[in-house]
């Protein structure tokens with residue numbers, strides 16, 4: 001019963017979550033909310049130009065989350081369901097079937113992504129998968145109203161830390177005997193996770209990651 005981690009963007013979901021967010025926002029956001037998004041998008045573009053794509057993604061997520069401030073969980077569930085409806089066509093159903101094969105063998109499957117956890121939850125519900133979810137947390141007050149803040153983005157080394165933490169707690173609860181780790185992901189930022197995993201599997205890689213995978217003889221799924 002191994003632990004199988006599956007990335008979301010570019011892996012389980014082959015579309016672009018940024019495009020999906022914008023498309024949903026066009027239908028749902030007020031003028032004030034769009035002003036917030038564009039202000040942070042400008043900052044994100046500046047950071048991306050100097051510090052790279054990860055810095056861009058982090059700032060964009062922060063700005064997008066600010067638009068959720070004051071909304072209830074029910075309102076946000078509705079919003080993320082809209083995202084799923086827009087992006088459903090880009091779900092990697094062959095990988096979904098592979099995930100189900102892992103589950104039939106008794107493996108523990110964890111969706112592991114920097115995407116917002118309620119977004120991942122809505123997608124998993126749509127697909128009909130019964131899996132664990134580790135994603136970037138969206139903050140809520142005790143009364144269930146969103147704070148508009150996010151936790152640490154689950155990316156790079158943070159993915160490894162989260163998986164280790166998850167395995168530790170499952171073992172202490174007596175729910176996990178085998179800590180063999182599979183990792184399905186698509187990005188060079190996932191290299192720490194690939195190096196940590198016993199069985200790294202590269203999905204739809206860009207040329208830079210594909211070269212690494214070929215050199216290390218990691219399996220590649222197109």
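A few points about this structure:
- The mean sequence separation of alpha-carbon pairs under 8 Å and at least six residues apart, normalised by the residue count of the chain, gives a relative contact order of 25 percent.
- Computed from Cα atoms, the angle from the helix 207-216 axis to the main principal axis of the chain rounds to 20 degrees.
- With neighbour counts taken as other beta-carbon atoms within 10 Å, the residues 13, 79 rank, fewest first, as 79, 13.
- Label assignment, Cα Rg over 2.2 N^0.38 Å derived from the structure, set [x] 1.02; [y] 1.16; [z] 0.98: [x]
- Between 0 and 90°, nearest 10: helix 53-66 axis offset from the chain longest Cα axis: 50 degrees
- Considering only the range 3-221, percent of DSSP beta bridges that pair antiparallel, nearest 5: 15 percent
- Working note: 222 nm ellipticity from helices only, DSSP H runs with n ≥ 4, each -39,500 (n - 2.57), summed and divided by the residues of the chain, gives -16500 deg cm²/dmol to the nearest 500.
- Once the chain from residue 18 to residue 191 is taken as fully extended at 0.36 nm per residue, the excess over their C-alpha distance is 60.1 nm.
- Average Cα contact separation per residue, the range 132-220, under 8 Å, 6 or more apart, as relative contact order %: 19 percent
- The angle between the Cα long axis of helix 73-87 and the main principal axis of the chain comes to about 70°, on a 0 to 90 degree scale.
- Added length on full extension, which subtracts the Cα-Cα distance from 0.36 nm per residue, residue 137 to residue 168: 9.2 nm
- Spin-label zone in the range 176-209 - amide nitrogen under 20 Å from a point set 7 Å from the Cα of residue 215 along the C-beta vector: 185-209
- Length gained when the stretch residue 105-residue 72 is fully extended (0.36 nm per residue, less Cα-Cα span): 8.0 nm
FYI, it's all coordinate maths here, none of it is from the lab. The model shown is predicted, which means the values in this text are computed figures rather than measured ones. When we count neighbours, we look across all protein chains shown, and the Cβ atoms used for this are built from the backbone with ideal geometry, even at glycine.
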